[in-house]
């Protein structure tokens with residue numbers, strides 16, 4: 001793509017966002033991200049429909065499935081401009097960014113025809129049923145069970161999922177469950193898709209120290225997944241689940257980094273306002289954070305190039321470039337959260353919920369609190385280092401005890 005074409009497309013995206021992220025949607029700017037996902041859920045769902053009407057969903061999806069099939073650089077430009085404009089956290093991220101591409105790669109024609117339009121149009125919202133109380137970072141330890149109903153061929157699901165983001169606002173959940181009695185680890189798993197509005201499913205909020213409850217526990221007691229809603233084959237669930245995680249480390253990561261840029265700018269402005277920027281160590285930490293962002297962007301572009309090559313070769317496994325991404329950004333963001341608290345000083349411990357209060361300080365407090373979880377969810381630091389060592393560097397597997 002030529003530089004002039006990229007500039008024109010960037011201007012088109014920025015213009016559309018300026019025109020549409022206004023009026024009733026003005027209040028959504030910079031809202032709805034991690035730690036703030038409870039903000040304006042219904043309005044953010046309406047925003048998803050506005051995005052779909054404008055042709056800004058399914059950017060990389062094939063045209064045959066309702067997407068625009070845009071080249072990678074145009075997708076990158078959209079996510080960067082979206083974050084630059086303060087676009088809200090996407091209620092449709094799990095659907096459009098994770099299960100949608102997985103359906104396109106592995107789904108039947110019937111599944112694609114039934115499930116993709118709702119995702120693409122911003123009318124059906126999804127959540128992810130992976131983690132369990134005893135299977136968080138060690139995902140292969142899942143104990144949720146799926147038993148085949150001999151009469152109908154449907155699957156009856158029993159068990160518990162935890163840390164399920166926005167389950168209370170979702171219509172569907174995809175679940176990794178054990179379908180072969182006696183199986184262990186990554187063997188004997190099935191990947192199921194279930195509507196949440198049915199008997200046998202209970203959603204309980206998990207209250208966080210920041211006051212919100214965007215996470216949930218989801219309990220299954222004989223909940224039903226239709227025979228037609230198995231993605232892949234029974235026993236093939238692990239392969240599908242890992243392919244989905246590959247999509248998670250996709251183009252939207254560039255938008256995530258733009259939001260990080262906003263947060264770093266807020267920290268720097270707070271340091272200027274309260275005089276802490278006169279401290280040479282604070283200035284050094286801000287500079288290091290900025291340099292870390294540039295490294296993060298360079299690796300993200302390298303990661304996307306590797307993913308494009310793998311796609312051309314028909315591969316779905318995570319590339320080496322992607323293996324380090326989660327470890328790097330989560331530790332960088334946790335350190336930024338600590339820097340924010342140090343810059344704010346004593347005021348970091350004072351919450352101001354008034355509409356006329358210091359909104360920036362409140363957002364930095366939320367970011368700092370939530371960033372503590374970054375190195376835990378989606379794989380702890382220890383798990384990430386094992387993955388890098390074993391899959392990326394080919395080192396011997398860590399000794400594991402018998403379960």
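If r is the Cβ-Cβ distance from residue 187 to residue 273 and R0 is 60 Å, what FRET efficiency results, to the nearest 0.05? For R0 = 60 Å, the calculated efficiency reads 0.60. With neighbour counts taken as other beta-carbon atoms within 10 Å, the residues 244, 339 rank, fewest first, as 339, 244. Relative to the longest principal Cα axis of the chain, at what angle does helix 41-53 sit, 0 to 90 degrees, rounded to 10? Orientation of helix 41-53: about 80 degrees from the principal axis.
Please report 44, 391 as a ranked list, fewest other C-beta atoms within 10 angstrom at the top and most at the bottom. Please report the intermediate quantities before stating the final value.
Values: 44 23, 391 14.
Ranking 44, 391 by Cβ neighbours within 10 Å, fewest first, gives 391, 44.
Maximal additional length on extending the residue 141-residue 43 stretch stands at 31.5 nm, based on 0.36 nm per residue less the C-alpha distance.
Please express the shape of segment 3-91 as an equivalent ellipsoid: the semi-axes are the square roots of 5 times the eigenvalues of the C-alpha gyration tensor, given largest first in whole angstrom. Can you show the working numbers first?
Numbers: eigenvalues 101, 47, 27 Å².
Those come to 23, 15, 12 Å.
Here the sum of -39500 (n - 2.57) over DSSP H runs of 4 or more residues, divided by the residues of the chain, equals -14000 deg cm²/dmol at 222 nm, to the nearest 500.
To the nearest whole percent, what portion of all C-alpha pairs in segment 126-236 is separated by more than 17 angstrom? Don't jump to the answer; show the numbers that get you there.
Numbers: 3076 of 6105 pairs.
When every Cα pair of segment 126-236 is considered, 50 percent fall beyond 17 Å.
Multiplying the residue separation of residue 391 and residue 320 by 0.36 nm and subtracting their alpha-carbon distance yields 24.8 nm.
Gyration tensor over the Cα atoms of the chain: the corresponding equivalent ellipsoid has semi-axes (square roots of 5 times the eigenvalues, largest first) of 34, 25, 23 Å.
Taking the longest Cα principal axis of the chain as reference, the axis of helix 280-312 is set at about 40 degrees.
In which sequence would 189, 245 go, from the one with the fewest C-beta neighbours within 10 Å to the one with the most?
Numbers: 189 27, 245 18.
Least to most surrounded, the residues fall as 245, 189.
To the nearest ten degrees, helix 237-248 and the longest principal axis of the Cα atoms of the chain are 20 degrees apart. Highest mobility in the GNM of the chain, judged by mean-square fluctuation with C-alpha springs under 10 Å and restricted to 19, 81, 263, is found for 19.
Assuming 0.36 nm per residue, please report the length gained on full extension of the stretch residue 19 to residue 380 beyond their Cα-Cα distance. If you can, show how the numbers build up before the last one.
Working: separation 361, 0.36 × 361 = 129.96 nm, distance 4.04 nm.
Length gained, residue 19 through residue 380: 125.9 nm.
Relative intensity of segment 64-163 on a log10 scale, I(q)/I(0) at q = 0.10, 0.21 Å⁻¹, equals -0.42, -1.22, per a Debye sum over C-alpha point scatterers of equal strength in the absence of solvent.
Each value in this text was obtained by applying a stated rule to the coordinates, not by laboratory testing. Every value quoted in this text rests on a predicted model; they were computed, and no experiment measured them. In this analysis, Cβ positions are derived from the backbone assuming ideal geometry, glycine residues included, and neighbour counts consider all displayed protein chains.
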